[in-house]
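Visitor: Structure in structure tokens, see below.
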Amino acid sequence: MRQARSISRRFPDYGWAWPTGGLDRLLKAAMLSDENEAERIALAWLDDHDINDVGFADHRLLAAITDRFGKRLASHPSYPRLAGLQKMLWSHSRITFREARPVLAALAEAGCPVMLLKGASRVAISPADQRGRVSHDVDILVRPDRMAEVLDILLAADWKASTGVGPLYLKTIISSVRALNFYKGEYGDLDLHQSAYRPFHHDAEDDEALWRRSVEASLEGVPVLVPSPADRISLAIGHSGLEAHVHSDWLVDIDDTIRKHEVDWTVLLKTIEARGLAVPAAISLGYLKRVIGTPLPEDVLADVVDRADRAGIASRASVLEAKPRRDFGRLSGVARGVLKQLRLFGSRPKTRAKMQPKTRAGNGETWRASSQRTGIEPNRAGQSASCSLQLPPGIEDRTPASLEVVIDIETPAHGRRFEFELSTPQRHLARLRYRRLFGGKGVRRLRFRGDVELLGGDKALFLEARPSRHFRNWDNARDLSRYGAVPFTLDLARLRVPGETVALKASDA
């Protein structure tokens, strides 16, 4: 059997990005085969840490450790708090899955295939793992041609987009987005994907193969699909390998898959190659094999490391992103941030170099505001959350048409983004956006201009203030001030068509 070369813990080799310190100890406590040694490490970690002082990423691993050892940890003074933490996290996960069940059932009834990703896929395969696998959201993958149908089912069930955008805008963009996050109630949290991987790991051929290799399972009694064992490993690396500080139970998921399931290593290696995952795979699989003792075949690790070594300088530099952020010094932290932004910039679709105040609507583009300070009294600004603009009869036959809208809003002392949406009763027309970077309490007059497409039967346009993100509740005054919908007062709405300019009359929507 071919042996993998030794992996150094010095930068830029892959071992430099392996977990260290307390995180390394928690991972060993969760995964080491020697239960006595793992238990000793868990108790030593509890001696050195206060559960109340560590974050959610550590809580997730503590849940797995508590599930593994149970009352064997009862002699430690932290055990009651540990048991309570696990129960709380488990209860949250259970409620999250139950909130998602009606949507999953509706999709199954509609004949729409649904594949679970991440933690939900592990729980669907092995429900007993739920006590140790925290999952406070449900990630589902559907085929691109079913995204609009799934969106209709979510909206009908009163799920809200976490971004705060309205339903008509969602219907406009649904075919072009990779993923959307939705909330319902206090615990409902669902991520809808049409692509299983991030854009920089996209591969159309493997996207289709992922569906062919999927296996049947069920969640909360609803039939679903889950990725094959090889795909669960590559997906865990693809989703978490460059953000290892966010949580680390994805490494536990990989270890669990290798120990309990038959992995097609040829599929895994082909997927790693196709998706450009060689470097994060060498880091994560190297740690599991060399530090944890996960029974990964040695020749598989050798192949992954060889691929990573050939990946080039730019890919090798991604070890900066794979290292847990808690381990960074100031200089390496800055380097990591720069590298991440360069990667994200390279994965974005190309846009025009300069955004003009007037941009074309109808495809998700945005109208940007020009603004000026106005001397009107604050109580005259912010009188409406929405308004209806009545269209003269026959105006839809006179194209092209452009619209000018002028509104007054009251701005807070801090900087924030202000969002509005323009629509007809049936379809989205444009997003209207104003961003104030440095704040400044007062009243601003915003002027928006853009082209609109009017169709037969259009009787009115609707202008609505939207939150810049959605919260489950708006009881927090700070959240409301920074993200809530901002009421406006309409000063002017003027429609230009060939040969005529028409002032539109407004009424409450």
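Visitor: If I go through the stretch 265-288 residue by residue, how many of them are surrounded by 21 or more Cβ atoms within 10 Å (Cβ to Cβ) and assigned to a helix (DSSP H, G or I)?
Guide: Qualifying residue count, the stretch 265-288: 15.
Visitor: Looking only at residues in the stretch 382-391 that are in a loop (DSSP other than H, G, I, E, B) and surrounded by 15 or more Cβ atoms within 10 Å (Cβ to Cβ), which one is farthest from the chain's Cα centre (by Cα)? It would help to see each step written out before you state the result.
Guide: Going through the stretch 382-391, the residues in a loop (DSSP other than H, G, I, E, B) turn out to be 382-383, 385, 391.
Next, from what is left, pick out any that are surrounded by 15 or more Cβ atoms within 10 Å (Cβ to Cβ): 382, 385, 391.
Values: Gly382: 32, Ala385: 28, Leu391: 39 Å.
Checking each candidate, the answer is Leu391.
Visitor: Still on this structure: Which one of these does Arg398 not meet: (1) surrounded by 17 or more Cβ atoms within 10 Å (Cβ to Cβ); (2) more than 16 Å from Gly484 (Cα to Cα); (3) more than 30 Å from the chain's Cα centre (by Cα)?
Guide: In the conditions (1) surrounded by 17 or more Cβ atoms within 10 Å (Cβ to Cβ); (2) more than 16 Å from Gly484 (Cα to Cα); (3) more than 30 Å from the chain's Cα centre (by Cα), Arg398 misses (1) alone.
Visitor: Right, here's the next one. Would you call Leu455 surrounded by 13 or more Cβ atoms within 10 Å (Cβ to Cβ), of a type outside the set (Ser, Thr, Tyr) and touching a residue at least 12 places away in the same chain (Cβ under 8 Å)? Step through it out loud before you land on a result.
Guide: On the way: surrounded by 13 or more Cβ atoms within 10 Å (Cβ to Cβ): no; of a type outside the set (Ser, Thr, Tyr): yes; touching a residue at least 12 places away in the same chain (Cβ under 8 Å): yes.
No.
Visitor: Mind listing whichever residues of the stretch 127-167 are under 25 Å from Arg198 (Cβ atoms) and small (Gly, Ala, Ser)?
Guide: Matches in the stretch 127-167: Ser135, Ala148, Ala161, Ser162, Gly164.
Visitor: Please count how many residues of the stretch 122-150 are in contact with a helix residue (DSSP H, G or I) (Cβ under 6 Å, 6 or more places away or on another chain) and of a type in the set (Ser, Thr, Tyr).
Guide: 1
Visitor: Please name all residue pairs, on different chains or six or more residues apart, with Cβ atoms under 8 Å, provided the first residue is in the stretch 128-156 and is more than 30 Å from Asp256 (Cα to Cα) and the second residue is among the charged types (D, E, K, R).
Guide: Close Cβ pairs satisfying both conditions: Ala148/Lys171; Leu151/Lys171.
Visitor: Same structure again: Report, by residue number, each residue of the stretch 484-509 that is over 12 Å from Ile395 (Cα atoms) and among the basic types (Lys, Arg).
Guide: Listed by number, the residues that qualify are Arg494, Lys505.
Throughout, read-outs are computed from the coordinates displayed, never taken from laboratory work. Worth saying up front: this structure is predicted, and the values here are computed from it rather than measured. Here Cβ is always computed from backbone atoms with ideal geometry, including for glycine, and neighbour counts include all displayed protein chains.
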